[in-house]
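Below: the structure, in structure tokens.
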Amino acid sequence: MALLEVKNLQARVEEKDILRGLNLTVNPGEVHAIMGPNGSGKSTLSYVLAGKSDYEVTGGSATLEGEDLLELEPDERAARGLFLAFQYPIEIPGVASMTFLRTAVNAVRKKRGDEELSTPDFLRLVREKAKELNIDQNMLKRPVNVGFSGGEKKRNEILQMAMLEPKMCVLDETDSGLDIDALKIVADGVNRLRAKNRGFLVITHYQRLLDHIVPDVVHVMAKGKIVRTGGPELAHELEAKGYAAYDNAA
Amino acid sequence: MNAEVKMMRTAAEAAYADALTALPAPEAIRSLREKALRLFAEKGLPHRRVEEWKYTDLRALIREMPPLAKGADGAAIAEAKKNSVLTNIGAREITFVNGAFVAELSNLKGLEKGLSITTLADALAKDASLVTLLAKINPNKYDAVFALNTAALNEGILIEVAPGAQITQPIHVRHIVTGTSPVSVFGRAVVKVGAKAQATLVQSHVGPDTVAYQTNTVLQLSVADDAELDVVRVQAEGDKAIHLSMMIGAIGNESRFRSFALTTGGAASRHTVPFAYAGRNARATIAGATLLRGKQHADTTLEIDHAMPGGESRELYKTVLDDEANGVFQGLIIVRPDAQKTDGRMMSAALLLGDNAEMDNKPELEIFADDVQCAHGATTGALDDDLLFYLRARGIPKKEAESLLIQSFFGEAVETIENAKIRDAVMNLAGGWLAARS
């Protein structure tokens, strides 16, 4: 069965149609990249999949392992195994990173029918994952994302991803605002999480991220639809020729 | 204008005057009480045309006066034992039930060296000059709550910390109301901290739900030079209660003062804080968290008076309003001509959870010195949808995500409590309020 199956998805925000019949199938173990010009609806796709309420789905379907995602609350989607790494991770003053992580991990475990983690077990898991991702533990002593650099915020997203053990990971322009060193660390983190039962949808404007996270399939998105699909070589073609050819596509 | 203006008295005002006139007065305070009662008879309860009471119209709020509480019998004491908060903070407890001091629920044994705790009656018998202190209010202006409290002066407690004494065990003054019929309860606590001494005071107010009782409590604090006092107050009165209270403070040279107030109870409440910087280079933090739901109304009014140079004040109030609740914050900082180098910062932030909740914020600065730094801010807003979505996208259910954000909102104020045990206990009480959210 397909992991993520999106069929003829249509969505609007503030009366404006953004997604106009998008089709996409990600199988377990696959890494798909979606590239496209600004305003093509890439971020909208990620928010619609994660369940942000500002977006109105006007048609089509999206399923995770056959289950209708669009009917579920955002937290239920997360519990079912969908994870969105935000383009702009949000600062939450007053909420300690550890409290946040622990609440999230245990909420998800509870919904999946697993036992909640005890404090020592949780701390052990955080230490282990943070070490793997090269994350300084001191960062986690601060409130969620507060005072984090761009790179730290993105690494924190990957840490959350590792902690929540999702099935389907959507990365929304994870490369934006990162220098090359930070980009490598984040890409390494993602590569570590690649597994045969886990799928990735990497949304990006630039090809450079795909040098580090090598996709199985590359899609080009324009005006709310997938207009072309190919292998990794498609990313290089786009880098060379730009998106000009797609501005009037669809 | 010499014509005598005779004020029309409301039924409640007349009832107060009658009941308090009939109340037998000990010799030492008779004239003090009579004077306060005369003043009250003349000026009465404040109403919305009195600027300081614009948002909390006592004349409209208090339609009648329930009978004066008759003290604590066995049944009341048994009930009081069940209804109490902050019992796990390792404090020395002083308990008033229905306004009466209850020895069996108070611990006056083994007082630490330099600590003296005396009932007001005993203290007055020993030292008549205490009357002057009891009459004192800053600023020197009429306040109906203070006048009524003084006119009803009967039971109370005097806590004194001798110069240099470090009292580590917190002292918890508990005001508990019991029973099923409405009563009027008055209370007074006086705390004097000597030079270079240190103490922690906790004050709690609880009572039964569904009973329209009224409480009026005045706390008078003086902190001498180089001394340090922490005060934590919890107002968790029953849901039909009217709670009126004051914390009147004066702090000396180089002193350090911290206070925190958690307000969750009562149908309507007003807490007034006239606070004077009586010495140089004194520092004070006055913080609070107010959590209301239903149609609750709570008013916090600060009057921070910098009379001396070098004072530092930090006021931080967080108000969370669910349903149709109404929060009021009035914060006045006065910087007098001599109070150069004053550093005052005041912030009142409100979080509206209910569509019909209302916050009235009135910060004011009156500055008469030229070399000062003063700032105030007031914000009112709803929970941020983007923050909520971020938490929910990580699997945290809506209510839990909201609780995390609400807790982080008021947590900033709770964090100002220095004593970890008390801070945790207050956080637990606030957590209980959150858990009860529907």
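For this structure, a couple of remarks:
- Column: log10 I(q)/I(0), Debye, Cα scatterers of segment B:267-344, q = 0.11, 0.16, 0.21 Å⁻¹: -0.34, -0.61, -0.84
- Here the scattering of the protein assembly as shown is modelled by Debye summation over its C-alpha atoms, one equal scatterer each and no solvent; at q = 0.06, 0.08, 0.11, 0.12 Å⁻¹ the log10 of I(q)/I(0) is -0.46, -0.72, -1.05, -1.17.
- Note on chain B: helix-only mean residue ellipticity at 222 nm, from DSSP H runs of 4+ residues weighted -39500 (n - 2.57) and normalised by residue number, equals -7000 deg cm²/dmol.
- Under the simplified labelling scheme, the A:Val214-A:Lys16 pair shows an inter-label distance of 3.9 nm, with each label point 7 Å from Cα along Cα→Cβ.
- The relative contact order of segment B:68-383, computed from alpha carbon pairs under 8 Å that lie at least 6 residues apart in sequence, is 11 percent.
- Solution diffusion estimate, µm²/s, Stokes-Einstein, chain B, Kirkwood Rh from C-alpha pairs, 10 °C, viscosity 1.306 mPa s: 72 µm²/s
- A full extension of the chain between B:Glu42 and B:Arg9 corresponds to an added length of 11.0 nm, given 0.36 nm per residue minus the alpha carbon distance.
- Förster-model FRET efficiency, 60 Å R0, A:Met1 and B:Leu365, C-beta, rounded to 0.05: 0.35
- Measuring max minus min along each principal axis, the C-alpha atoms of chain A give extents of 55, 39, 35 Å (largest first).
- Each of B:Gly377, B:Met359, B:Gly179 was scored by the projection of its Cα onto the charge dipole of segment B:68-383, and the greatest displacement toward the positive side belongs to B:Gly179; charges sit on the C-beta of Lys, Arg, Asp and Glu.
- Average accessible surface area per residue within the protein assembly as shown, 1.4 Å rolling probe, Å²: 42 Å²
- The string of couplings for segment B:259-265 from the Karplus curve (6.51, -1.76, 1.60, θ = phi - 60°) is 9, 9, 10, 9, 10, 10, x Hz, one whole number per residue in order, with x for Gly and Pro.
- Label-point gap, in nm, between B:Glu112 and B:Ser84 - each point 7 angstrom along Cα→Cβ: 2.0 nm
- Computed about the Cα centre, the dipole magnitude for chain A is approximately 340 debye when only Lys and Arg (+1) and Asp and Glu (-1) carry charge, each at its Cβ.
- For segment B:72-219, alpha-carbon Rg and Dmax in angstrom: 15.6, 46
- Comparing the full protein assembly with the isolated chain (1.4 Å probe, heavy atoms, ligands and nucleic acids excluded), the residues of segment A:43-74 losing at least 40 square angstrom of accessible area are A:Lys52, A:Pro74.
- Semi-axes of the equivalent ellipsoid for segment A:1-51, computed as √(5λ) from the eigenvalues of its C-alpha gyration tensor and ordered from largest down, come to 21, 12, 9 Å.
- Stretch gain in nm, segment B:Ala125-B:Asp209, where the contour uses 0.36 nm per residue and the Cα spacing is subtracted: 26.5 nm
- Under 26 Å of direct C-alpha separation, and excluding same-chain neighbours fewer than eight residues apart, A:Lys52 reaches these lysines: A:Lys7, A:Lys16, A:Lys42, A:Lys110, A:Lys111, A:Lys153, A:Lys154, A:Lys167, A:Lys223, A:Lys225, B:Lys398, B:Lys399.
- Karplus 3J(HN,Hα) series, Hz, for segment A:50-58 with 6.51 cos²θ - 1.76 cosθ + 1.60 (x for Gly, Pro): 7, x, 6, 6, 5, 9, 10, 7, 10
- The alpha-carbon of B:Lys82 sits under 28 angstrom from the alpha-carbons of these lysines, leaving out residues fewer than 8 places away in its chain: B:Lys70, B:Lys109, B:Lys240, B:Lys295, B:Lys421.
The values are calculated or read from the model by the stated rules, or taken from the named source; none is laboratory data. A quick note: this is a predicted structure, and the numbers were derived from the prediction, not measured. Ideal geometry is used to build each Cβ from the backbone, glycine not excepted, and the neighbour counts take in all protein chains shown. Just the protein is used for accessible areas: all its heavy atoms, side chains included, with ligands, DNA and RNA removed. Shrake-Rupley method; radii C 1.70, N 1.55, O 1.52, S 1.80 Å.
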